[in-house]
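Student: Please read through the structure below; I'll follow up with questions.
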Amino acid sequence: MKAAYYQGNKSFFIGDCTPQSPDIGEVRIDVLCCGICGTDIHIYRGHMAERINPPQVIGHEMLGTIAEIGDGVEGFQIGDPIVVRPLDSCNHCPACKAGYRHICQNLNFIGIDSPGAFQSSWNVSAQVLHRLPQDMDMEIAALIEPLAVACHDVRLGQIRSGETVVVIGGGPIGMLISLVAKSKGASVTLAEVNPFRIDLAKNLGINAINPVEEDLEKLRYRYNRWCGSGCCV
C-alpha cells in the first residue's frame, strides 16, 4: 500500500503505507479516493508550516470502506462505505461538555494536526465516521465534506425560496454554495472571472457573470442584504 507524504518545500513523495490495527475506538479504512482541498494547497505552499510535521500525510475530502474495526466500536461493519468528518473533538474540555465540539479546545483537524487520507490504509476515530448508502456513487461521495461546508453556509445565511443570492467566487465551495442555494429555491447569480468556471457554472444551470465585464456593484443595490460567507441575499 502507498501514501503521499508532504515533505515541505512544495514537494511530496510516494512511499509505503503499512496497515496498522486500529486502537480502541478506532477503525481502519481502505481509502478509495480523496479530493484536494484548498487547505491542502495552503499546506503545499507552506502557509501552515507551524502545524505540519513533514513528512506527513495530509488530505481529508475522502471516501472509503471500513477494513477493520477496533474494540469498543459499535454501529459499523466491515465493508461499510464511509466518509470522515475531519474535526475530531476530545469530548472532555469545557467546550465539548457544553455541546460545542466544533470549537473543542483540543480539536484535532485530521489531515493537518494528524495524518490524513492521502494513503491507502488509514486509522481514525469511529466518532468522526458517517456511513453512506450502499448504492451511492463513490466518486461523488468524495464531495460530501466540501458540500457540507456549502450547506452550512446557506443555512447560516438563512436563504429561503424566492430570495436572490449572489455568490462571490466560483471555486469549488462557491460553486457548491450556488447549487445548494438554488436547491433551496433561490435565484442565484455567481460572480467569477475565470472563463472555465463561468462555463462550468452555466452548464450546471447557474447564472454566472464576469464582474470585470458587468458592474456587480450596481447589481448589489438590487438586493436587501449581504452575508459574510461569500454570498449575498
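Read-outs throughout are calculated quantities, based only on the coordinates presented, and are distinct from any laboratory measurement. Model, not experiment: these values are computed from the prediction. Using ideal geometry, Cβ is built from the backbone for each residue, glycine included, and neighbour counts are taken over all protein chains shown.
Student: Any chance you could give the angle, 0 to 90 degrees and rounded to 10, that helix 172-183 forms with the longest Cα principal axis of the chain?
Tutor: Around 60 degrees separate the two axes.
Student: Something else: Using alpha-carbon pairs under 8 Å, 6+ residues apart, how would you state the relative contact order of the chain in percent?
Tutor: Rounded, it is 17 percent for the chain.
Student: Ok, one more. Quick one: what are the phi-derived ³J(HN,Hα) couplings along the stretch 36-41, Karplus 6.51/-1.76/1.60 with θ = phi - 60°, whole Hz, x for glycine and proline?
Tutor: Running phi through 6.51 cos²θ - 1.76 cosθ + 1.60 with θ = phi - 60° gives 10, 7, x, 4, 4, 5 Hz.
Student: Per residue of the stretch 72-79, in order, report the coupling 6.51 cos²θ - 1.76 cosθ + 1.60 (Karplus, θ = phi - 60°) as ³J(HN,Hα) in whole Hz, putting x for Gly and Pro.
Tutor: With the stated coefficients, the stretch 72-79 comes to x, 8, 10, x, 10, 10, 4, x Hz.
Student: Now, a different point. Below 13 angstrom from the Cβ of R101, what's the summed charge of the other residues (Lys, Arg +1; Asp, Glu -1)? Walk me through the numbers before you get to the answer.
Tutor: Numbers: positive: R85, K97; negative: D88.
Its environment carries a net charge of +1.
Student: Something else: Please list, in chain and number order, the residues 5+ apart from S121 or on another chain whose amide H is under 5 Å from its amide H, with Hs placed from the backbone.
Tutor: Amide H to amide H, under 5 Å and 5 or more residues apart or across chains, S121 pairs with V31.
Student: Please list, in chain and number order, the residues 5+ apart from E68 or on another chain whose amide H is under 5 Å from its amide H, with Hs placed from the backbone.
Tutor: Placed amide hydrogens put R28 under 5 Å from E68.
Student: Per-residue counts of other Cβ atoms within 10 Å, averaged by peptide: what ranking do you get for 37-47, 54-64, 105-115, highest first?
Tutor: The most tightly packed comes first, giving 54-64, 105-115, 37-47.
Student: If you restrict to DSSP beta bridges whose two residues both lie in the chain, what percentage is antiparallel, to the nearest 5?
Tutor: 80
Student: Work out how much length V149 to F196 would gain on full extension: take 0.36 nm times their residue separation and subtract the Cα-Cα distance, in nm to one decimal.
Tutor: Value of the extension gain: 14.6 nm.
Student: Could you state the number of Å between the C-alpha centres of the stretch 64-134 and the stretch 189-214?
Tutor: Value for the Cα centre distance between the two parts: 36 Å.
Student: On a 0 to 90 degree scale, rounded to 10, what angle separates helix 144-156 from the longest Cα axis of the chain?
Tutor: Tilt of helix 144-156: around 50 degrees.
Student: Give me, ordered by chain and number, the residues 5 or more places off S187 or on other chains with an amide H under 5 Å from its own placed amide H.
Tutor: Sorted by chain and number, the residues that satisfy this are G162, E163, T164, V165.
Student: Summing Lys, Arg as +1 and Asp, Glu as -1, what charge do residues with Cβ under 15 Å from the Cβ of P133 carry, P133 excluded? Walk me through the numbers on the way to the answer.
Tutor: Numbers: positive: R131; negative: D80, D135, D137, E139.
Neighbour charge sum, excluding P133 itself: -3.
Student: Can you show me the helix-derived [θ] at 222 nm for the chain, built from DSSP H runs with n ≥ 4 at -39,500 (n - 2.57) apiece and divided by the number of residues, rounded to the nearest 500.
Tutor: Values: 7 runs with 54 residues, N = 233.
The helix-only estimate for the chain comes to -6000 deg cm²/dmol at 222 nm.
Student: Each label point is 7 Å from the Cα along the Cα-to-Cβ direction; what then is the distance between the points at I103 and D135, in nm?
Tutor: 4.2
Student: By per-residue mean of other Cβ atoms within 10 Å, what is the highest-first order of 155-161, 142-148?
Tutor: Highest mean packing first, the order is 142-148, 155-161.
Student: Also: How would you order 190-200, 125-135, 163-173, 10-20 from highest to lowest mean count of nearby Cβ atoms within 10 Å?
Tutor: Working: 190-200: 16.6, 125-135: 14.5, 163-173: 20.1, 10-20: 12.4.
Per-residue Cβ counts within 10 Å, averaged per peptide and sorted highest first, yield 163-173, 190-200, 125-135, 10-20.
Student: Please work out how much length the chain gains when fully extended from L204 to K10, using 0.36 nm per residue of separation minus the C-alpha to C-alpha distance, in nm with one decimal.
Tutor: 66.5 nm
Student: To the nearest 0.05, how large is the calculated FRET efficiency for S114 and D215 if R₀ is 41 Å and r is the Cβ-Cβ distance?
Tutor: Computed FRET efficiency for S114 and D215 comes out at 0.30.
Student: Go through the stretch 6-15 residue by residue and turn each phi into a ³J(HN,Hα) via Karplus (6.51, -1.76, 1.60, θ = phi - 60°); whole Hz please, and just put x for glycine and proline.
Tutor: Result, rounded to whole Hz: 6, 10, x, 6, 6, 8, 10, 9, 9, x.
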